[in-house]
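The values are calculated or read from the model by the stated rules, or taken from the named source; none is laboratory data. Source: prediction; values computed, not measured. Note that we place each Cβ from the backbone using ideal geometry, even for glycine, and neighbour counts take in every protein chain shown.
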Amino acid sequence: MPKIHIPTPLRQYVGKQPAVEVKAGTIGAALSDLVAQHPDLRRHLYTDDGKLRAFVNVYLNDEDVRYLQKEATAVKDGDSISIVPSIAGGR
Amino acid sequence: MATTLEVKPEALTLSNEEIQRYSRHLIMPEVGMEGQLKLKAARVLCIGAGGLGSPLALYLGAAGVGTMGIVDFDVVDYTNLQRQIIHSTADVGRKKLDSAAEKLKAINPFLNIRKFDTRLSSDNALELFREFDIIADGTDNFPTRYLVNDACALTGKPNVYGSIFRFEGQASVFATKEGPCYRCLYPEPPPPGLVPSCAEGGVLGILPGLVGVIQATEVIKLILGKGEPLIGRLLLIDALDMKFRELKLRKNPGCPVCGTHPTIKQLIDYNEFCGIRGEEKPVETLATDIEVEELKRRLDAGENLFVLDVREPHEYQICNIGGHLIPLGDLPKRVNELDSSQEIVAHCRSGVRSAKAVDFLRQAGFKKVHNLAGGILAWADRVDPKMPKY
């Protein structure tokens with residue numbers, strides 16, 4: 001099963017796990033399965049009208065899905081999906 | 001590709017003392033006399049002398065960077081010392097600029113330090129950046145991140161980027177001619193409040209050390225023109241699992257600041273862009289707020305008030321006022337532990353999370369809920385001075 005890496009700021013919404021396994025054939029389905037498993041995460045990834053938020057970047061392995069087929073990008077077993085949100089801390 | 005330096009390294013020489021000091025650089029072929037003179041000619045601007053700025057400035061100063069600018073308006077406090085290693089206990093209360101400059105001069109008296117005692121803004125950034133070759137971003141908030149990026153793109157200076165949260169960091173080199181900028185990766189900032197700051201979320205003390213040293217490494221590589229800089233790559237650092245991962249970044253042709261048809265040609269209002277009035281946004285006092293003195297008086301009078309503490313269990317261990325602990329995130333599933341007929345006072349550390357708890361409870365039909373203004377910090381300041389503050 002593909003695995004989604006959960007970044008620190010979002011781990012509190014997935015029972016503090018660093019990664020979640022999903023059943024899915026595409027990026028869009030993988031994210032849907034993720035928020036179905038962890039509904040608290042939904043508002044952090046999607047806008048109220050169901051679009052992925054602009055500051056949330058999704059990577060399939062080391063490629064930005066915006067430069068693949070976006071949410072239609074195919075995923076297979078063993079693939080690693082990353083959610084890369086912006087963080088700003090420095091002090 | 002080496003960064004263009006305005007001061008020509010060929011015009012400089014090293015004194016015998018400098019040759020001795022930089023001996024370990026001079027004997028390696030990747031640096032040598034040529035590289036050391038490039039370092040001496042280089043002018044690097046560090047934005048912030050805090051968590052990332054501390055190791056960054058210390059290593060760049062030691063390495064022989066000729067001119068270092070530091071922009072900071074802050075004062076050293078006790079909570080900084082766990083990670084901001086350029087400052088020491090005796091510096092608490094001093095300007096970070098003065099404290100940092102003193103340490104840097106002690107390490108390397110050849111260093112030319114330029115202190116800018118100001119908050120970086122749209123009014124001063126372009127002028128400031130033009131006087132330097134490379135900008136190292138060690139700030140702590142989204143408006144300044146976008147400001148640094150745009151000012152770098154507009155002045156053509158590389159933005160050596162690092163950022164941290166808890167035990168996770170990111171590093172990259174943005175805004176070079178051939179590479180992507182911060183906006184190519186994050187076209188829009190997150191709405192305020194969705195991503196917690198280090199002050200709210202905490203940060204492992206060593207993490208800015210790890211990330212700041214990666215930034216210093218990238219600055220030095222850019223000056224020397226050696227190795228593979230982090231251009232077009234985002235390095236993700238997970239200190240807890242000690243895993244480093246790398247993601248590909250692409251220059252977005254539609255990027256408003258570095259794309260083929262840029263729409264941002266001058267600096268904008270970054271607080272407005274990020275939807276906030278600044279990092280230290282004061283929490284609004286609402287009619288439902290209760291002051292710490294009033295809570296103390298009413299508790300002492302034996303009134304039947306239910307004190308709800310919405311912080312995390314590890315915070316409760318640091319200090320508490322005996323409230324019933326339900327962390328904010330658990331409130332929806334544990335709301336049945338509360339009695340809506342009773343008057344409830346919710347509190348957290350500073351009043352931000354408890355304000356969210358009060359909103360939630362009101363929506364859930366609770367009518368008699370108050371937010372303790374200023375949280376347990378205000379309690380420590382005004383009611384119980386023996387209580388520790390964190």
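Here is how the numbers come out for the structure above:
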{"read-out": "Qualifying positions in segment A:9-58 - under 23 Å from B:Arg183 (Cβ atoms) and in contact with a helix residue (DSSP H, G or I) (Cβ under 8 Å, 6 or more places away or on another chain)", "value": "A:Pro9, A:Leu10, A:Ile27, A:His44, A:Leu45, A:Tyr46, A:Leu52, A:Arg53, A:Val56, A:Asn57, A:Val58"}
{"read-out": "Condition met for B:Arg130 (surrounded by fewer than 20 Cβ atoms within 10 Å (Cβ to Cβ), closer than 29 Å to B:Phe273 by Cα and of a type in the set (Lys, Arg))", "value": "yes"}
{"read-out": "Evaluation of B:Val211 against (1) in contact with a Phe, Trp or Tyr (Cβ under 7 Å, 6 or more places away or on another chain); (2) within 11 Å of chain A (Cβ to nearest Cβ); (3) more than 12 Å from A:Ile87 (Cα to Cα); (4) at pLDDT 95 or above (one fails), failing number", "value": "(1)"}
{"read-out": "Selection within segment B:71-101 - within 14 Å of another protein chain (Cβ to nearest Cβ), assigned to a loop (DSSP other than H, G, I, E, B) and not aromatic (Phe, Trp, Tyr)", "value": "B:Asp72, B:Asp74, B:Val76, B:Asp77, B:Leu81, B:Gln82, B:Arg83, B:Gln84, B:Ile85, B:Ile86, B:His87"}
{"read-out": "Among the residues listed as B:Pro229, B:Pro189, the single one being more than 14 Å from chain A (Cβ to nearest Cβ), not polar (S, T, N, Q) and not in a helix (DSSP H, G or I)", "value": "B:Pro229"}
{"read-out": "Subset of segment B:139-159 [within 14 Å of the chain's Cα centre (by Cα) and among the aliphatic types (A, V, I, L, M)]", "value": "B:Leu147, B:Val148"}
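Residue-wise test of (1) away from every other protein chain (no Cβ under 14 Å); (2) within 28 Å of A:Asp40 (Cβ to Cβ); (3) part of a helix (DSSP H, G or I).
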| site | (1), (2), (3) |
| --- | --- |
| B:Arg298 | yes, no, yes |
| B:Asn336 | yes, yes, yes |
| B:Ala346 | yes, yes, no |
| B:Leu361 | yes, yes, yes |
| B:Met387 | yes, no, no |
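Per-residue answers, yes or no, for (1) modelled with pLDDT under 95; (2) crowded, with 17+ Cβ neighbours inside 10 Å; (3) within 25 Å of B:Thr260 (Cα to Cα):
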position: B:Pro189; (1), (2), (3): yes, yes, yes
position: B:Cys198; (1), (2), (3): yes, yes, no
position: B:Pro229; (1), (2), (3): no, yes, yes
position: B:Leu240; (1), (2), (3): yes, no, no
